[in-house]
Amino acid sequence: MTKVLYPGSFDPITKGHMNVVDQACSLFDEVIVAVLINPNKKNTFFTPDERVKLIESIYKNNNKIKVITSCNASVDVALENNCVAIVRGLRGITDFDYEISMQQVNKEISDYKVNTICLFADPNYQFLSSSMVKEVFNLGKDVTKYVDDIVFEKMKVKKYGNKNIR
């Protein structure tokens, strides 16, 4: 069984992330979506457990996906879970510049056991980031084209409580 790790903060998971997950599922036997906890990020929207539950809800009918959370480095999580590679989504040249240096470090740290595979999100989502979604949402704008309905509903509840707001 070929397993890969798709790490990120996923705060929240966007349709761009989901597009990368779907691509990875078509290429590998198992995709482990790892919600990583970055202690330097103080302004999170969802807790790590909420993010895990959201992703599990979205993919409840996909037996190729496992969702975990960790405080460890991506490469260590990949090794712990017997993953052959780390999947990264690229949006543009800036992402590429960052990822090319990270892949080399991860290869060295893992004694060349873990590769990095870069996938491009569908062009409709290449501009999309979790930060942008949160910013637009906090301005009171509609983000339904950027996130799954499950995520949008949880964002509304988190911000407004159980009021019926669209």
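Shape class of region 7-81 from the alpha-carbon gyration tensor: oblate, with a/c at 1.5 or above and b/c at least as large as a/b. Of the listed residues Arg88, Arg51, the order by accessible area with a 1.4 Å probe, largest first, is Arg88, Arg51.
Amide hydrogen proximity for Phe120: with H placed 1.01 Å from N in the peptide plane, the residues at 5 or more positions away or on another chain lying under 5 Å are Leu90.
Note on Leu90: accessible area is roughly 0 Å² with a 1.4 Å probe, heavy atoms of protein only.
Residue ranking by accessible heavy-atom surface, 1.4 Å probe, largest first, among Asp76, Asp97 comes out as Asp97, Asp76.
Per residue, the average separation of C-alpha pairs within less than 8 Å and at least 6 apart gives the chain a relative contact order of 28 percent. Taking every protein chain into account, the 1.4 Å probe leaves Phe28 with about 30 Å² of accessible area, to the nearest ten.
Note on Glu80: accessible area is roughly 110 Å² with a 1.4 Å probe, heavy atoms of protein only.
What is the local net charge at Lys113, summed over the other residues whose Cβ is closer than 15 Å to its Cβ (Lys, Arg +1; Asp, Glu -1)?
-2
Of the residues Lys60, Lys41, the one with the largest accessible area comes first in the ranking Lys60, Lys41, computed with a 1.4 Å probe on protein heavy atoms.
The values are calculated or read from the model by the stated rules, or taken from the named source; none is laboratory data. If you're wondering where the values come from, they're calculated on a predicted model, not measured in any experiment. Methodologically, a virtual Cβ is constructed for each residue, glycine included, from the backbone with ideal geometry; neighbour enumeration extends over all protein chains shown. The area values use the complete protein model at the heavy-atom level, side chains included, leaving out ligands, DNA and RNA. Shrake-Rupley method; radii C 1.70, N 1.55, O 1.52, S 1.80 Å.
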